[in-house]
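Input: a single structure, listed below in structure tokens.
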Amino acid sequence: MNLAQCAVLTLLAFSLALTLWAARRTRSRADFYAASGRISAWQNGLALAGDYLSAAAFLGAAGLFMRQGYDSLIYAVGTLAGWPLLLLLFAEKLRERGRFTLGDILTSRFDTSSVRALSTISSLLIVLFYLVVQLIGAGKLLGLLFGLPYLPAVLLAGLLAIVYVALGGMLATTWVQIAKACLMLICGLVLAAGVWLKSGASLPALIAHAEALHPAGHGVWLPSKAMHNPWEVLSLGLGLVLGLLGLPHVLMRFFTVPDARAARASACWATGIVALFFTLNVVIGIGAIVFVSHAPAFLDVHGKLIGGDNMAALHLARAIGGTALQDIVAAVVFATIMAVIAGLTVAGASSLSHDLYAGLLRRGQTSEAGELAASRWSVIVLVLLAVGLSTWFQNQNIAIMMGLAFGMAASGPFPVLLLTLFWPGLTARGAVAGGLAGLLGATALIVAGPAVWVAVLGFAHPLFPLANPALCSVPLAFVTAWAVSRFTRQ
Amino acid sequence: MKWLLVLLLLPIAAYYGVVAFFPAWLDLPCGPLPLSLPLALGLIWLGFIVTLLYVRQASRREGRP
């Protein structure tokens, strides 16, 4: 057994011990959905950061910096800006008005089944797309580390998620995410420090070296050709900033703290941690250009990076600390993916059991024990569905699915939540129409755009020119909600 | 809260505007670095400063230290 396998098994044993500890404290639906609001501000801050910083933020950002240089920072600026906006607009109100799910917030104002149905559909769709992407990553990484075929590997990842969430609920998920966030930060610090020391602790030397090695030369510090369409840049920025504010698994975390003050502090903690990680990512990305992109040990016969650009951070770990560090970083990446899967699963299962089963099907006439049992069954159903979809989509471009999840989050739940909390003129029909317009609009524009219409379906020209739909789909949701509210107001 | 929203969103909007329409401006020198790098890192940490200011303001509003 190699070091990577030992490290993965150690992390799994640790997370299962955490789950068993949490399972003894998960007895009611409030425990299951929101850890009974017992999570402190700093714990929730770490868990929020853990929920948000997926493997894409680590492996993807380093790979993007190595290939497209400054573009990686354009993504980071938009992504980070969503956090203070989340604090300013939603954090306290979510804690004050919500109980378990996004649907609770919306139905606290519009107690209609159509509004709860909209919340259920949008939460489930976003969680499912996001979950499928994470499961594909987990299945492929497990396959790589243990030599397993895809299906057993992804089933194993799904089984782990079921154990974490069905037994330990939100408490286990929170602590798995706290552990993962700490490990990821330590990994980031070690890699950044390694790059810094290996370059002679000189920033100008590191920058000059990167410029000399990158194909774009000095252009590595400027937007690449991929950002040549200004409307694409604006749409990307809008989607990145607002996408966070519609992600159900992130919003749900504000129900786990005791009061609005803790909700504020936890958002502040999360923003600081994410900002620190993005800063470290810049050093890691520059290190990938300098120590990985031209090193023959990491290139195949065609001069391409072995395993693709997303492996840049893992190769960098090997360049800095040998195979031992590479194995440990690989294990942390696996822990990262599993923690995000657990967070998504608890959010999706809550929507299934609390909104769909208890709220819509049983009209609130269900016992505490009945809903708790339903939530555990929901975990199993959701994970099996996601495993099935991940098997189907395993060879598709997962970046499209991530884009779809973010586009839907920015265009569906975000406008409805914002208008519900801040605009007295919104009606129930306006909320439903706006949410549906945003969700369907974002989906249609992504399918008609270059990422699907040209790259997947093979047509010569896209029907919609932008790969990111937010610039059109977000205003569409707001205008529809406003117009329908105006015509349905009594 | 409104001034914090402006403090956050105005620079972010201006940044994406520059990236979209005037990317050459990012090449201006800023000490030994091109402006693009400190600008992006500054905006990332501006987000954190805004959250700190809001938490402080809200604590004062509630009369807590």
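The values are calculated or read from the model by the stated rules, or taken from the named source; none is laboratory data. Computed from a predicted model, the values in this text were never measured in an experiment. Every residue, glycine among them, receives a Cβ derived from its backbone with ideal geometry; neighbour counts consider all protein chains shown.
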Here the residues within the range A:32-56 that are of a type in the set (S, T, N, Q), in a helix (DSSP H, G or I) and at pLDDT 90 or above are A:Q43, A:N44
The lone condition A:F100 fails out of (1) in a loop (DSSP other than H, G, I, E, B); (2) surrounded by fewer than 21 Cβ atoms within 10 Å (Cβ to Cβ) is (2)
Residue set A:T271, A:T279; condition part of a helix (DSSP H, G or I), hydroxyl-bearing (S, T, Y) and free of Cβ contacts under 8 Å to residues at least 12 places away in the same chain; output residue A:T279
Restricting the range B:10-35 to residues that are more than 8 Å from chain A (Cβ to nearest Cβ) and part of a loop (DSSP other than H, G, I, E, B), the one surrounded by the fewest Cβ atoms within 10 Å (Cβ to Cβ) turns out to be B:G31
| request: Inspect the range A:451-467 for any residue being under 21 Å from the mean Cα position of the chain (by Cα) and over 22 Å from A:N310 (Cα atoms) and give the result as yes or no. | output: no
Of the listed residues (A:A369, A:A428, A:A409), the one being small (G, A, S) and within 15 Å of A:L102 (Cβ to Cβ) is A:A409
_Residue match in the range B:40-47 (condition: within 7 Å of chain A (Cβ to nearest Cβ) and touching a residue at least 40 places away in the same chain (Cβ under 8 Å))_ = no
message: Checking the structure you have, find out if any residue of the range A:67-87 is in a helix (DSSP H, G or I) and away from chain B (no Cβ under 12 Å).
response: yes
Residue count, the range A:116-127, condition under 11 Å from A:A431 (Cα atoms) and touching a Ser or Thr at 6+ places or on another chain (Cβ under 6 Å), comes to 1
Return yes when A:A339 is closer than 21 Å to A:I178 by Cα, within 21 Å of the chain's Cα centre (by Cα), surrounded by 21 or more Cβ atoms within 10 Å (Cβ to Cβ) and of a type in the set (G, A, S) and no when it is not. yes
Per the filter on the range A:267-296, residues over 30 Å from A:L471 (Cα atoms) and of a type outside the set (A, V, I, L, M, F, W, C) are A:G287, A:S293, A:H294, A:P296
Could we say that A:A455 is without any contact (Cβ under 8 Å) to a residue 60 or more places away in the chain and out of contact with any Gly (no Cβ under 6 Å at 6 or more places or on another chain) here? yes
Restricting the range A:227-243 to residues that are touching a residue at least 24 places away in the same chain (Cβ under 8 Å), within 7 Å of chain B (Cβ to nearest Cβ) and more than 19 Å from the chain's Cα centre (by Cα), the one surrounded by the fewest Cβ atoms within 10 Å (Cβ to Cβ) turns out to be A:M227
Residues of the range A:191-225 being aliphatic (A, V, I, L, M), crowded, with 18+ Cβ neighbours inside 10 Å and either out of contact with any strand residue (DSSP E or B) (no Cβ under 8 Å at 6 or more places or on another chain) or more than 13 Å from chain B (Cβ to nearest Cβ) (or both), in sequence order, are A:L191, A:A192, A:V195, A:L206, A:A210, A:V220
Could you go through the range B:52-62 and let me know if any residue there is assigned to a helix (DSSP H, G or I) and in contact with a strand residue (DSSP E or B) (Cβ under 8 Å, 6 or more places away or on another chain).
no
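Quick check on the range A:366-388. Is at least one of its residues in a helix (DSSP H, G or I), touching a residue at least 24 places away in the same chain (Cβ under 8 Å), hydrophobic (A, V, I, L, M, F, W, C) and farther than 28 Å from A:G139 by Cα?
Applying the first criterion (in a helix (DSSP H, G or I)) to the range A:366-388 yields A:368-388.
Still in the list and also touching a residue at least 24 places away in the same chain (Cβ under 8 Å): A:368, A:371-372, A:375-387.
From what is left, the residues that are hydrophobic (A, V, I, L, M, F, W, C) are A:372, A:377, A:379-387.
From what is left, the residues that are farther than 28 Å from A:G139 by Cα are A:372.
Yes, there is a match, as at least one residue in the range A:366-388 is in a helix (DSSP H, G or I), touching a residue at least 24 places away in the same chain (Cβ under 8 Å), hydrophobic (A, V, I, L, M, F, W, C) and farther than 28 Å from A:G139 by Cα.
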Within the range A:23-70, residues being among the acidic types (D, E) and buried (at least 24 other Cβ atoms within 10 Å of the Cβ) number 1
Subset of the range A:95-123, residues over 20 Å from A:M408 (Cα atoms), of a type outside the set (G, A, S) and more than 14 Å from chain B (Cβ to nearest Cβ), comes to A:R97, A:R99, A:F100, A:T107, A:R109, A:F110, A:D111, A:T112
